[in-house]
1. If Ala37 passes every condition in (1) in a helix (DSSP H, G or I); (2) surrounded by 10 or more Cβ atoms within 10 Å (Cβ to Cβ) but one, which one does it miss?
2. Can you tell me which residue is surrounded by the most Cβ atoms within 10 Å (Cβ to Cβ) among those in the stretch 1-34 that are more than 11 Å from Val53 (Cα to Cα) and hydroxyl-bearing (Ser, Thr, Tyr)?
3. Picking from Ala12, Ala58, Ala52, which residue would you name as being assigned to a helix (DSSP H, G or I), in contact with an Asp or Glu (Cβ under 8 Å, 6 or more places away or on another chain) and closer than 30 Å to Leu71 by Cβ?
Amino acid sequence: MPATINDIATEANNTLIELDTQAGVTSGLQTGGPGDAPIIAALAKIHAKRKAVADEAAKNILASADLDTALGILTQATKDLNTTAKVMTTVTGVMTNLAKYLGYGTDALNGLKSVTTLAAAVASATKPVGKG
């Protein structure tokens, strides 16, 4: 049995290509007449062999240590992404609150500006006439 998933897939694909070529050549021998029975039987054997090769490759891939390793890495990556998503949710909440507080600060500054402007207007309006 080949060592890696890639080896298994490559071997199976090469065999399937060869079987497809055989099926194509065999199929080309059909004439549509009563003498085609052996050709049809040969095609059925080729197709059965093709299915057996694909099934065996799938079984070997599922049994491969590479698949277990890849699934382990994928599982850990999923856990890491879940942790990152939780952190990002927290960060988003903090940023939302910060924006809210900055908005309050802007409102306070605008209020102070209005009070300062109003105080300047009152001071100007209450200035005694003739005093500089």
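Taken together, the values in this text are just the output of simple stated rules run on the coordinates, not laboratory data. Not measured: the values here are computed from a predicted model. Quick reminder, even Gly has a Cβ in these numbers, built from the backbone with ideal geometry, and neighbours come from all protein chains shown.
1. (2)
2. Thr26
3. The conditions single out Ala12.
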